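Bear in mind these aren't lab numbers, they're just calculated from the coordinates by the rules spelled out. Everything numeric in this text was worked out from a predicted model, so none of it was measured. Every residue, glycine as well, gets a Cβ built from its backbone with ideal geometry; the counts of neighbours run over all protein chains shown.
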Amino acid sequence: MARNRDDIRRAPRESDPLVEAARYRLRRDAEARGEPVEEANPGQPTMEQRAQIVETSIQQAIRRGDFDNLPGAGKPLPGLTGTHDPDWWIRRKIEREQLTGLGPPALLLRTEDAELDDKLDRLASESTVREHLESFNRRVIEARRQLQGGPPVITRTRDVDEEVARWRQRRDERIREADARRRAEQEAYAALSWRERRRLRRGR
C-alpha cells in the first residue's frame, strides 16, 4: 500500500505546467522531424471541444428557461451613479447586512445622512428635531477635522431651520392624510345599515 502511495505521489499531475511544457516541446520536435504526434491526453476533449460543450450547455439552459426571472433582471445595475467611490464595497456590505456602529465615520455619516429624513419623521417635537440635527452637524464637523486616514468625509451639514421647516411640512401632510382617511372611514360607517354596523362590531 505504501508503494502505491509513493507511485501516486511521484506520478505527474495532468495539470502540472512543467509536464505540459515538456509535452509541448516533445510534440514540437516530433512535428519538426515529421514523426507522428501522439495525443497528450488520449480520450480527453480538446480545448475546442470543451468550449463547444460549455456553449451547448449554456444554450440548453437558455431554452429550458434557467436564466429567466433572475434577481435584478431588467433593472439597472446598482451603484452606477457616475461617481467613483473607492469604498463602495464597505458601504454596500454595511447596507446589505444592516450593520450599525461599524466602519469609518465617513461611511457611517453617509448612511445616516441618507436615512435622516425618516429618522426625523419619527421624532415627536420640534425641539427634539433641532437637537438631532445639531448633533448630526457636530459629528460631521468632527469627522472632517480628524486626521486618522480612511475615506474622506463628503457628507454635508444640514441647515437646521430649513430641515425643521421641511419636517413640519411633512408632519402636516401626514396629519392631513390621516384626517382624510378618518373622515372617509366615518362616512363609510355612516352609510352602513344598523345590521351591518352590528356585524362589524361583532367582527372586531
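Things worth noting here:
- T56-L70 pseudo-label distance in nm [points 7 Å out on the Cα-to-Cβ vector]: 2.3
- Extension gain for D121-E48 works out to 20.1 nm (0.36 nm per residue, less the C-alpha to C-alpha distance).
- Extension gain (nm, one decimal) between R198 and R28, 0.36 nm per residue minus Cα-Cα: 51.6 nm
- Relative packing of peptides 194-203, 106-115 - highest average C-beta neighbours within 10 Å first: 106-115, 194-203
- Vicinal HN-Hα couplings computed from phi for the stretch 62-73 (Karplus, 6.51 cos²θ - 1.76 cosθ + 1.60; Hz; Gly/Pro x): 5, 5, 6, x, 5, 9, 7, 6, 6, x, x, 5
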